[in-house]
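Bear in mind that the values in this text are calculations on the coordinates, not laboratory data. Small disclaimer: the values here were computed from a predicted structure and weren't measured. Methodologically, a virtual Cβ is constructed for each residue, glycine included, from the backbone with ideal geometry; neighbour enumeration extends over all protein chains shown.
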Amino acid sequence: MAAVQETVDKVRSVEVDAYKYGFVTDIESDMAPKGLNEDIVRFISAKKDEPEWMTQWRLDAYKRWLTMQEPVWARVNYPKIDFQDLYYYAAPKRSPGPKSLDEVDPELLRTYEKLGIPLREREILAGVEGAAERRVAVDAVFDSVSVATTFKAELAKAGVIFCPISEALQTHPELVRKYLGTVVPVTDNYYATLNSAVFSDGSFVYVPPGVRCPMELSTYFRINEKNTGQFERTLIIADKGSYVSYLEGCTAPKRDENQLHAAVVELVALEDAEIKYSTVQNWYPGDSEGRGGIYNFVTKRGDCRGDRSKISWTQVETGSAITWKYPSCILRGDESRGEFYSIAISNGHQQVDSGTKMLHLGKNTSSRIISKGIAAGRSDNTYRGQVFAHRKAKGARNFTNCDSLLIGDTCGAHTVPYIESRNASAVFEHEATTSKISDDQLFYCMQRGLSGEEATALIVNGFVRDVLQQLPMEFAVEAQKLIAVSLEGSVG
Amino acid sequence: MLTITDLHANIDGKEILKGLSLTVKPGEVAAIMGPNGSGKSTLSYVVAGRDGYEVTEGSIVLNGEDILAMDAHERAAKGIFLAFQYPLEIPGVTTMTFLKAAMNAQRKQRGEEELTTPDFIKRVRAAADKLGVSQEMLRRALNVGFSGGEKKRMEVLQMVLLEPKIAILDETDSGLDIDALRIVAEGVNALRSPDRSFLVITHYQRLLDYIVPDSVHVLSAGRIVKSGDKELAHELEKNGYRDYVADAA
Ligand SMILES: Nc1ncnc2c1ncn2[C@@H]1O[C@H](COP(=O)(O)OP(=O)(O)O)[C@@H](O)[C@H]1O
Ligand SMILES: [Mg+2]
């Protein structure tokens, strides 16, 4: 009992306050005035020199958003957001975009260092010779504008397009226009509609038919301007028979005010294509009193549009004050497959309401959900999952496994499954467990020489092993460290 | 080596150890025998530093150092090892991962270098072979789905790898068939050395045929009520604990 309590207290007092990524980078911003109206929307679009249809698309979204209400169904509480008190555009001051990495602001490179971005990736960012073996392309999104893009040439050779979406709007407007908003419609939900009106930037990926993307694509997101809502927009298209693996990792500097993050990610997999999307999310969760921290209201959805296509989401969520996130799959093509592997850790005063939706529309579609929730401190951790089979989804199959682990007795874990089948041949299986790290287990590990914090981290890493194994190697190592850091008393 | 003096310990306000004194010399194998519920496991937990036990009186001194203020993991690094009566399962953590974490955690506390992976694997292989622990078991999650005998063997494997100063074996013989018992006993005997002591807790004389003790102590109602040599174990086997239980009451 006492060991657990002590761990919990340490976690609460030491770790949360000493958040290791709590620092502020000083780069002057070129900001639009606070608040949101049609002019701001036009300003954003004009800043990016967007085609007229895009401006109109944003304006339509904005008008729609004005008629919508903020959702209240999630199990999270936060003070009402004053959307007129946010900035909707901020960019590092650097008039023409840098031509190469040498031109990247040294302050930004130092930021990567502090973030603990793996050395080899920093080398890639710094353009070091030989770093290319790593074959991870990094498209760095710094605040709202992408300032570094690497590996373009090699990707271009394969015919893969990987660039900021603002650039894609200039170079491949037809592709953007064809797919943007087809997975997450402008009208989808409050935050997605807002994002559609004001999205700043994000990544665009197109993999042509039959191409296996020659490297894993990786983006580091940062939120850096004070009071800047971040509205990332990502669009990934895998054409027939292609494959791509995309990695997304986030950390953020310490802040006093809460920061809103409302990203939209759309994935489209055509016939026989496969998209693997992995996230390690470690945004500032707020201090030990629950002040500050990121509000992460994200809409992520994949469309298995073609037959035999496959989309797999893997996520490790340790940060944010509030997380509201349900990466989903629309299984439209026959025999398509969706997967969702998730580790969600909440600590301190964090609130997590996350899960997935698997919508079975095509015949013989299958999905698999493995969710591991870990709650510590005074946090609340809810898994919310929906599995649905359409009338025509003959032979649909789903397997869901939701495990929750509680550390201490002041936290909460909840599982809210929604299961609906309109086809008699669909087979849905659901397993759920809730457990606590027992004093016996802790003592056993401590008797072998592990401190209470080390023991907790070891047991938690065991608990999430099934999901860690789904992550690309280098991400798995990072994630394991992150788990230890978010639960241990040790910092750095 | 280990000196326990007038030890009183409570759990949940109930006194379980009531003035227990015991000395184990370097290299000595001391057997603790006693009826169920007499406090044998409690003694092992209090020595190992488990949370929740309140020591109200007395002292535990290891090699001249009072260890009562130390946490369990600090005592482990000082060389106290406990082979559990009921070893715990750690789902998702492979035996190899666990062994490496434990060995390196102790080394770190003692200010020693971490083991290199080849060195670690070499040590584990050697010890596992002797104890009949298969490679397959080492790859599985620690103790998950292991039989009772396999779990006990795994405890001895950990003991061999952690090279303790004093090893407490809490009914390591229970649940073992005769072959497994022999393997475990050989593992313990191979570790016997002039600067390593053992506290062998058992219910039955049987184990002591394989691990021959230097001294035998009878624990009853939270105290050592009789000490002797290995003949005492035979006497207990014949007559049971009746006399000592009565004494204590
Ligand atoms: N958590 C506890 N709360 C109250 N009494 C306990 C607790 N744990 C053990 N005891 C009691 O302490 C006594 C000694 O138990 P134990 O040390 O396990 O004995 P042994 O190992 O000799 O069989 C028993 O009477 C047992 O019921
Ligand atoms: Mg016992």
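Worth pointing out:
- Phi-based couplings in Hz for the range A:441-446 (Karplus 6.51, -1.76, 1.60; Gly and Pro marked x): 4, 4, 5, 4, 5, 5
- Computed 3J(HN,Hα) for the range A:51-56, one whole-Hz value per residue from the Karplus formula 6.51 cos²θ - 1.76 cosθ + 1.60 where θ = phi - 60°, is x, 4, 4, 5, 4, 5, glycine and proline marked x.
- Along each principal axis, Cα extent of the range B:2-248, largest first, Å: 54, 40, 34
- Crossing angle, helix B:230-239 versus chain B [Cα axis fit, 0-90 degrees, rounded to tens]: 70
- GNM remark for chain B: springs join alpha carbons under 10 Å apart, and the peak mean-square fluctuation among B:LEU43, B:LEU191, B:LEU207 falls on B:LEU191.
- Cα-derived Rg to Rh of the range A:376-492, Kirkwood definition: 1.08
- Other-chain or far-sequence residues with amide H under 5 Å of A:ARG397's (modelled H): A:THR365, A:SER366, A:SER367, A:VAL427
- Scanning residues 5 or more positions from A:ILE374 or on other chains, those with amide H under 5 Å from its amide H are A:ALA344, A:ILE345, A:SER346, A:LEU405, with H placed 1.01 Å from N in the peptide plane.
- Inter-chain Cβ neighbour count for B:60-73, averaged per residue, equals 2 (cutoff 10 Å, partner chain atoms only).
- Backbone amide hydrogens, once placed in the peptide plane, bring A:ARG212 within less than 5 Å of A:TYR243, excluding anything fewer than 5 places away on its chain.
- Counting Cβ atoms of other protein chains within 10 Å of each residue's Cβ and taking the mean over peptide A:449-461 gives 6.
- The HN-Hα couplings worked out from phi for the range B:211-228 by the Karplus form 6.51 cos²θ - 1.76 cosθ + 1.60 (θ = phi - 60°) are 10, 7, x, 7, 9, 10, 10, 9, 9, 9, 6, x, 9, 7, 9, 7, 10, x Hz, whole numbers, x standing for Gly and Pro.
- Counting only other chain Cβ atoms within 10 Å of each residue's Cβ, the peptide B:89-99 averages 5.
- Rounded to the nearest 20 debye, the dipole size of the range B:2-248 about its Cα centre is 540 debye, using +1 on the Cβ of Lys and Arg and -1 on the Cβ of Asp and Glu.
- Each of the peptides A:208-215, A:399-406 was scored by the mean count of other Cβ atoms within 10 Å over its residues; in descending order, highest first, they stand as A:399-406, A:208-215.
- Take every pair of alpha-carbon atoms less than 8 Å apart whose residues are at least six positions apart; their mean separation over the length of the range B:2-248 yields a relative contact order of 29 percent.
- Exceeding the 28 Å Cα-Cα cut-off - candidates A:LYS157/A:LYS363; A:LYS276/A:LYS363; A:LYS34/A:LYS481: A:LYS157/A:LYS363; A:LYS34/A:LYS481
- Whole-angstrom gap from the range B:39-63 to the range A:346-402, using each part's C-alpha centre: 46
- The range B:203-249 and the range B:157-176 have Cα centres separated by 20 Å.
- For the range B:87-184, the relative contact order comes to 38 percent (Cα pairs under 8 Å, sequence separation of at least 6).
- Between 0 and 90°, nearest 10: helix B:95-109 axis offset from chain B longest Cα axis: 70
- Compared with the dominant Cα axis of chain B, that is its longest principal axis, helix B:148-162 is turned about 80°.
- Panel order for B:THR202, A:THR55, A:THR356, by other beta carbons found within 10 Å of each beta carbon, from fewest to most: A:THR55, B:THR202, A:THR356.
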